[in-house]
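Worksheet for the structure shown next.
The values are calculated or read from the model by the stated rules, or taken from the named source; none is laboratory data. This structure is a prediction, so every number in the text was calculated from the model and none was measured. Cβ placement follows ideal geometry from the backbone for every residue including glycine, while neighbour counts extend to all protein chains displayed. Protein only, heavy atoms only, side chains kept; ligands, DNA and RNA dropped before computing areas. Shrake-Rupley method; radii C 1.70, N 1.55, O 1.52, S 1.80 Å.
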Amino acid sequence: MGRAEFEQAVLESLESLYNISFWMTRNKVEAEDLVQETCLRALKFRQQFKEGTNLKAWLFTIMKNTLINHREKSAREVLWNSQRNDEVTADLPRAQGNEISLQEELALFRTLARVDIDSALMKLSDELRMTVLLADVEEFTLEEIAEIMSCPLGTVKSRLHRAREMLRSMIRDYTPSSGKTLEPGGHA
Amino acid sequence: MTCEEARDRFEDLLKERLSSDDVSALRRHLADCPACSAEFEVWERQKLTVRLRATRHQPSLDFEQRVRRKLGRGEGFKDVAAFALRSLWSGRSATIAITVLVTLIIALPLYHKYWIPKQDPILLVVTESVDDYIRIGLRQSSPTTLPDPLRVKSWLENRLGFSPELRFWGDNEYLFIGGVPTYFLDRKVATLVFKGDQSLSTLSIFPGSDLKMPEQGRRQVEGFKPYLGSFKGYQALFWKQGQLAYVIVTAAGEKELLDFFLKVRKSIP
């Protein structure tokens, strides 16, 4: 693949990269920086890309590694005594005494607003959120996600299962009668 | 097919990644097993809900252009470098090219040493502290709890090798929200972050006994004479006290900057 063709292919994935980048950094500037660095690295190491394989998955692998590098650097550099949202992992058992049927759950899914879905996703840990977004929003296969996340296929399956169970648990907990919200920390 | 095997294939079914035999077997199982059938329906709905209703964050309109420019810039440099290398090792001009290169390698350090005027260290303090302010400010989100100043001070002392002398650690107007070790003018710096009514301010403290206060650009503020500089639209107020130098950077107006300065300045023994 020639350089111009490669560059064009990278730019075609820009929106997807930015979307996930923003979900992971929650900050416009950091999201843009992360995507820019990912594109530059991709260009720099484009000889390592195997033609015929999924370029988009390869770009996401680079972005995930870049994000980890940023986080490690940031953790070394900054002391903020405030709790960072990305360290909060939702740990939500099913609501006691709030069991609902699958049909009710199905109906609930139809009524959920964007803000509820976003809020529930934000309560997942970084790894779980990224896995579920790659699978459901970007529609990568499990094998591709395993490659992106650099982990075994079984781990992806269990993360996806766990993420979905947690999302369902949060959504079950969010019945109008429960008076609870999906705001971070507001489930208790 | 067991229920577990069936549920393990839900993902592949939706992505049409199963063989026709597997699809038939799974469809048969779903037809015979109401529990798996209902589970599949909820599972499919959940997946669809996340796909369609989770916010899709869009980059700004000019973002693609900016990335395109950055990628293009890399190409320009690499092409020039490749051309230079090719020229160097081909044809009769190799000797001339090598001579020019060697001359440049020798001449450039000398040029930097003797011809380029040294930049005023106080201007460097201003530019580097503003750059730090921008870098730290962009990362900062609203804290949920405020840090313990003593803990931050001791944490910084351990990392910097000096004590950032200060008694003002924030009040109702300027909340102290964190501290971070930074580095400029070849020395370690304690940068403290305060959140004012409208904007963030940083206060950087570092060893500065070797720095001279500039004659020009100083402000008279209740008997004190700090140096006021600006860079990239941000104001920076620099002063020395004992062995240490201090610089405040803020996006706030001059009145708020001087108000903050007085609180800090008067607190230092």
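Largest first, how would B:234, B:133 line up by accessible area (1.4 Å probe)?
B:234, B:133
How shielded is B:40-47 by partner chains, expressed as the average number of their Cβ atoms within 10 Å of its Cβ atoms?
What the average comes to for B:40-47 is 5.
Work out how much length residue B:222 to residue B:159 would gain on full extension: take 0.36 nm times their residue separation and subtract the Cα-Cα distance, in nm to one decimal.
19.3 nm
Other chains near B:59-66: what is the mean number of their Cβ atoms within 10 Å of each residue's Cβ?
Taking the mean over all residues of the peptide, I get 4.
Sort B:132, B:120, B:32 by accessible area with a 1.4 Å probe, largest first.
Result, largest first: B:32, B:120, B:132.
Given a Förster distance of 25 angstrom, what is the FRET efficiency for residue A:143 paired with residue B:38, based on the Cβ-Cβ distance and rounded to 0.05?
0.35
Ignoring ligands and nucleic acids, what accessible area does residue B:126 show with a 1.4 Å probe (Å², nearest 10)?
10
Round to the nearest 0.05 the FRET efficiency obtained for residue B:266 and residue B:187 when R0 = 25 Å and r is the Cβ-Cβ distance.
Efficiency at R0 = 25 Å is approximately 0.45.
Filter the GluC sites (Glu not before Pro) in the range B:177-269 down to the DSSP loop ones having no more than 15 other Cβ atoms within 10 Å, then list what survives.
In loop regions of the range B:177-269 (DSSP not H, G, I, E or B), the sparsely surrounded GluC sites (Glu not before Pro) are B:215, B:222.
Run the 1.4 Å probe and let me know the accessible area of residue B:195, rounded to the nearest 10 Å².
My reading of the accessible area for residue B:195 is about 80 Å².
For residue B:244, list long-range residues whose amide hydrogen, built 1.01 Å from N in the peptide plane, is under 5 Å from its own amide hydrogen.
HN-HN under 5 Å from residue B:244: B:208.
If I take R0 = 60 Å and measure r between the Cβ atoms of residue A:153 and residue B:215 in this structure, what FRET efficiency does the formula 1/(1 + (r/R0)^6) give, to the nearest 0.05?
According to the calculation, E is roughly 0.30.
Using only DSSP helix segments of four residues or longer, with each worth -39500 (n - 2.57), what per-residue ellipticity at 222 nm results for chain B after dividing by its residue count and rounding to 500?
Numbers: 9 runs with 136 residues, N = 269.
The per-residue figure over chain B is -16500 deg cm²/dmol.
Are there cysteines in chain B with no other Cys C-beta under 4.7 Å, and if so, which?
Unpaired cysteines in chain B: B:3.
Ranked from highest to lowest mean number of other Cβ atoms within 10 Å per residue, what is the order of the peptides B:154-160, B:104-110, B:5-11?
Top to bottom by mean Cβ count within 10 Å: B:5-11, B:154-160, B:104-110.
Let me check something: with ligands and nucleic acids excluded, how do A:172, B:66, B:17 order by accessible area (1.4 Å probe), largest to smallest? Write down the numbers at each step before the final one.
Numbers: A:172 20, B:66 65, B:17 105 Å².
Correct descending sequence by accessible area is B:17, B:66, A:172.
For a 18 Å ceiling on Cα separation, which of these pairs sit above it: B:153/B:240; B:153/B:188; B:195/B:255; B:225/B:255; B:195/B:263?
Over 18 Å apart, Cα to Cα: B:153/B:240.
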